[in-house]
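The values are calculated or read from the model by the stated rules, or taken from the named source; none is laboratory data. Computed from a predicted structure; not experimentally measured. Reconstructed Cβ throughout: ideal geometry from the backbone, glycine too, with neighbour counts over all protein chains shown.
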Amino acid sequence: MTVDHELIRAAERVAAGCSRGDEHTVAAAARARDGRIVTAMNVHHFTGGPCAELAVIGAAAAQGAHRLDMIVAVGDGGRGVMSPCGRCRQVLLDYFPSILVIVDMGGVLRAEPVAELLPAAYIWSDHQA
Ligand SMILES: [Zn+2]
């Protein structure tokens, strides 16, 4: 799928302008179904503070954006696009099964379906009472 470069630039701007020490080091940007871009930063903490991808899901919900089509995370200090961790892949799959995730595949940016990033996945909704 086509990589949303405006989305990457939005995450880059937040990562460059809002990072703070060890507390906020990664920005995420998500494209909502209605076209708007929502951004957020990670909350690093020893208790398991959320990654930027999870923070952006909450920020989007607070703005009434409950359908996200694409997401990207960017590290501060010019680290570029970062792939989501396993926890974020699982949450993204369960919340937005058709979301595309921008990842760096050996120097090439690609928008991959989240299901492709989590083969043989546990599907949360399949195991609810
Ligand atoms: Zn994560």
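When every residue of the range 25-38 is checked against the conditions, none turns out to be crowded, with 17+ Cβ neighbours inside 10 Å and in a helix (DSSP H, G or I).
Does I71 satisfy the condition of being within 16 Å of the ligand (Cβ to nearest atom) and either in contact with a strand residue (DSSP E or B) (Cβ under 7 Å, 6 or more places away or on another chain) or of a type outside the set (A, V, I, L, M, F, W, C) (or both)?
Taking the combined requirement at face value, the residue satisfies it.
Among all positions in the range 16-25, there is no residue which is within 16 Å of the ligand (Cβ to nearest atom), hydrophobic (A, V, I, L, M, F, W, C) and modelled with pLDDT of 95 or more.
The residues of the range 102-120 that are small (G, A, S) and within 18 Å of the chain's Cα centre (by Cα), listed by number, are A111, A115. Scanning the range 26-43 for residues that are within 16 Å of the ligand (Cβ to nearest atom) and either over 15 Å from the mean Cα position of the chain (by Cα) or aliphatic (A, V, I, L, M) (or both) gives V26, A27, A28, A29, A30, A40, M41, V43.
Restricting attention to the range 105-126, the residues being of a type in the set (A, V, I, L, M) and in a strand (DSSP E or B) number 4.
Among what's in the range 74-100 and is outside any loop (DSSP other than H, G, I, E, B) and more than 15 Å from the ligand (Cβ to nearest atom), pick the residue that is surrounded by the most Cβ atoms within 10 Å (Cβ to Cβ). Before you say what the answer is, go through the steps one by one.
Taking the range 74-100 and keeping what is outside any loop (DSSP other than H, G, I, E, B), we get 74-75, 80-82, 86-95, 100.
If we keep only those that are more than 15 Å from the ligand (Cβ to nearest atom) too, we end up with 80, 100.
Details: G80: 15, L100: 24.
Only one residue fits best here, namely L100.
On the stretch given as the range 45-60, residues that are in a loop (DSSP other than H, G, I, E, B) and either surrounded by 24 or more Cβ atoms within 10 Å (Cβ to Cβ) or within 11 Å of the ligand (Cβ to nearest atom) (or both) total 4.
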